[in-house]
1. Output the residue which, of all residues in region 106-120 that are touching a residue at least 40 places away in the same chain (Cβ under 8 Å) and either under 19 Å from residue 86 (Cα atoms) or touching a strand residue (DSSP E or B) at 6+ places or on another chain (Cβ under 7 Å) (or both), is surrounded by the most Cβ atoms within 10 Å (Cβ to Cβ).
2. Hey, can you tell me all the residues within region 74-94 that are farther than 20 Å from residue 435 by Cβ and without any contact (Cβ under 8 Å) to a residue 40 or more places away in the chain?
3. Looking only at region 41-56, count how many residues are within 27 Å of residue 464 (Cα to Cα), in contact with a helix residue (DSSP H, G or I) (Cβ under 7 Å, 6 or more places away or on another chain) and surrounded by 13 or more Cβ atoms within 10 Å (Cβ to Cβ).
4. Any idea which residue in region 131-155 is farthest from the chain's Cα centre (by Cα), counting only those that are buried (at least 20 other Cβ atoms within 10 Å of the Cβ) and assigned to a helix (DSSP H, G or I)?
5. In region 436-445, which residues are surrounded by 15 or more Cβ atoms within 10 Å (Cβ to Cβ) and part of a helix (DSSP H, G or I)?
6. Over 17 Å from the mean Cα position of the chain (by Cα), assigned by TED's automatic domain parsing to the domain that holds residue 341, part of a loop (DSSP other than H, G, I, E, B) and at pLDDT below 90: which single residue out of 259, 296 fits that description?
7. Limited to region 299-314, what total is found for residues that are crowded, with 24+ Cβ neighbours inside 10 Å and either over 14 Å from residue 158 (Cβ atoms) or at pLDDT below 90 (or both)?
8. Has region 396-407 got at least one residue that is exposed (fewer than 15 other Cβ atoms within 10 Å of the Cβ) and within 18 Å of residue 357 (Cα to Cα)?
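The values are calculated or read from the model by the stated rules, or taken from the named source; none is laboratory data. Predicted model only: the values in this text are computed from it and were never measured. Ideal geometry is used to build each Cβ from the backbone, glycine not excepted, and the neighbour counts take in all protein chains shown.
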């Protein structure tokens with residue numbers, strides 16, 4: 001190479017540089033295996049997808065023989081998993097990355113699925129994609145990442161794909177319904193009075209009986225409010241009937257993992273099944289609820305729950321509900337962890353939001369040692385550490401408090417912050433998943449399954465790419 005480089009503006013340098021020819025054509029076809037460093041997450045995803053059972057997705061296409069050939073499900077699954085692993089969940093962003101990002105380009109095999117195809121694939125196969133969580137968890141177990149010696153349960157509020165300003169309380173719905181009904185009646189009366197005048201005023205291309213724009217808007221809003229009000233009333237009555245059925249010895253549907261139902265769609269109502277005045281419904285995503293976030297603000301959100309194993313921060317159980325209180329989730333989540341892993345954990349730690357006598361006894365019935373805080377402590381203060389014999393005849397709350405005040409119990413509970421809280425930090429801050437992209441409870445459950453699957457894949461990738469431990 002000539003040591004003197006002349007520029008287009010007459011300048012020149014005598015320094016020798018490494019070759020740089022960005023527009024030079026390749027003499028031989030490049031190999032995708034050389035585009036990324038060895039052990040890259042994208043290559044790992046390609047390998048994992050080959051191990052996954054995607055038969056449920058493939059069967060869908062055996063029934064659909066029309067149209068042009070679809071993209072290979074392995075391609076689409078690889079793109080989605082890698083996207084959620086790297087904080088890219090938007091179908092439009094994934095499409096763009098297949099052009100601009102080498103890793104996405106490698107995963108796509110040089111193709112560029114459009115965002116409509118990516119979004120539709122996720123929509124159609126959401127249940128099957130959610131099922132990949134259990135398959136990846138099994139791979140983590142085989143790799144020795146799950147020990148079930150100590151698990152920790154916690155929840156976080158994830159924003160819904162809806163604004164809290166689009167929510168309305170039941171009392172407000174009744175007020176708006178009455179006001180809008182009066183307004184619609186007034187506008188209809190005015191329209192009727194003006195019929196004769198409009199016949200003369202409108203041109204030949206108008207009938208003269210079109211609804212005024214203001215009336216159309218009022219009628220449309222009235223219909224939406226009436227529909228939301230009716231849905232609230234129907235859900236409240238269904239909740240009342242389910243409560244009566246449980247009181248008579250029946251069981252609710254919608255079980256989480258081991259059979260205990262996860263809370264969902266519970267509408268505050270009176271004994272007659274009428275929604276309370278503060279019962280709310282969102283017009284954009286009717287399943288979401290207004291909840292209190294970690295900073296004390298109010299957000300339109302869902303409650304995402306995870307059970308995390310102490311060994312490598314692998315998620316062993318996950319769920320999403322639209323009920324803000326954490327206390328109702330403890331037993332269903334522990335049962336799901338037991339069913340997912342084939343055995344219950346030895347110990348489970350939870351913060352004070354999960355404490356109840358039923359949860360303590362429910363954990364003990366599963367042969368899980370519970371460590372549940374009985375009250376709030378100041379941030380960073382921790383529990384008092386002192387030796388304490390655990391009396392056999394005590395109230396459950398006193399027994400649990402004494403358990404946590406013992407030296408061993410305090411040490412176990414302190415581990416909770418290092419087990420589960422970093423997982424939410426990795427999901428929400430490192431990978432930027434703070435808002436669901438999909439709507440309705442069914443869909444956000446499927447999406448969060450992808451989020452949890454991606455989290456576990458990153459843990460598995462780190463284990464497989466780590467250098468062997470010296471003997």
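1. If we take residues in region 106-120 being touching a residue at least 40 places away in the same chain (Cβ under 8 Å) and either under 19 Å from residue 86 (Cα atoms) or touching a strand residue (DSSP E or B) at 6+ places or on another chain (Cβ under 7 Å) (or both), then 107 is surrounded by the most Cβ atoms within 10 Å (Cβ to Cβ).
2. Of everything in region 74-94, those that are farther than 20 Å from residue 435 by Cβ and without any contact (Cβ under 8 Å) to a residue 40 or more places away in the chain turn out to be 74, 75, 78, 79.
3. 9
4. Only one residue fits best here, namely 140.
5. 441, 443, 444, 445 - these are the residues of region 436-445 that are surrounded by 15 or more Cβ atoms within 10 Å (Cβ to Cβ) and part of a helix (DSSP H, G or I).
6. Working: 259 fails: assigned by TED's automatic domain parsing to the domain that holds residue 341.
296 is the lone residue from the list that is over 17 Å from the mean Cα position of the chain (by Cα), assigned by TED's automatic domain parsing to the domain that holds residue 341, part of a loop (DSSP other than H, G, I, E, B) and at pLDDT below 90.
7. Residues that pass the stated criteria total 4.
8. Applying the first criterion (exposed (fewer than 15 other Cβ atoms within 10 Å of the Cβ)) to region 396-407 yields 398, 407.
Then keep just the ones that are within 18 Å of residue 357 (Cα to Cα); that gives 398.
Looking for residues that are exposed (fewer than 15 other Cβ atoms within 10 Å of the Cβ) and within 18 Å of residue 357 (Cα to Cα), one finds at least one in region 396-407, hence yes.
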